[in-house]
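Student: Attaching a single structure in structure tokens format; questions to follow.
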């Protein structure tokens, strides 16, 4: 999977920024979505490419939940993580069967 420079989520273009040392002041963050600025930051310092791909899906799912007012409660991070890993795996293993991808 490629990590694009932008991705459209619900008609809004989100810039994807690979950031070094992404944190919230107390903890290292692997990714973060900024809704008002329409950006997704991915921590490129502490992750290899595949992990960054999963993190991108994780943040896309957070954005979709926020945009559509889906509240997953106290288990949101775990649910989003399960879905992010699952989507990444399915697309990696079956992308050519799901999409018209030229060789």
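Bear in mind that the values in this text are calculations on the coordinates, not laboratory data. The structure displayed is predicted, hence computed values, not measured ones.
Student: For the Cα atoms of the chain, what angle does the longest principal axis make with the long axis of helix 49-67, in degrees from 0 to 90, nearest 10?
Tutor: 70
Student: Still on this structure, I have one more. Rounded to the nearest 5, what is the percent of antiparallel bridges among the DSSP beta bridges in the range 6-98?
Tutor: Working: 9 of 14 bridges.
Of those bridges, close to 65 percent are antiparallel.
Student: Additional query: Compute the angle between helix 76-98 and the longest alpha-carbon principal axis of the chain, please, reported from 0 to 90 degrees and rounded to the nearest 10.
Tutor: The answer is roughly 20 degrees.
Student: A follow-up question, please. P(r) for the chain: what percent of alpha-carbon pairs falls in each 5 Å bin, starting at zero?
Tutor: Histogramming the chain at 5 Å steps yields 2, 12, 21, 24, 22, 13, 4, 1, 0 percent.
Student: Sort out for me the Cα centre separation of the range 20-53 from the range 86-100, rounded to whole Å.
Tutor: First find each Cα centre; the distance between them is then 24 Å.
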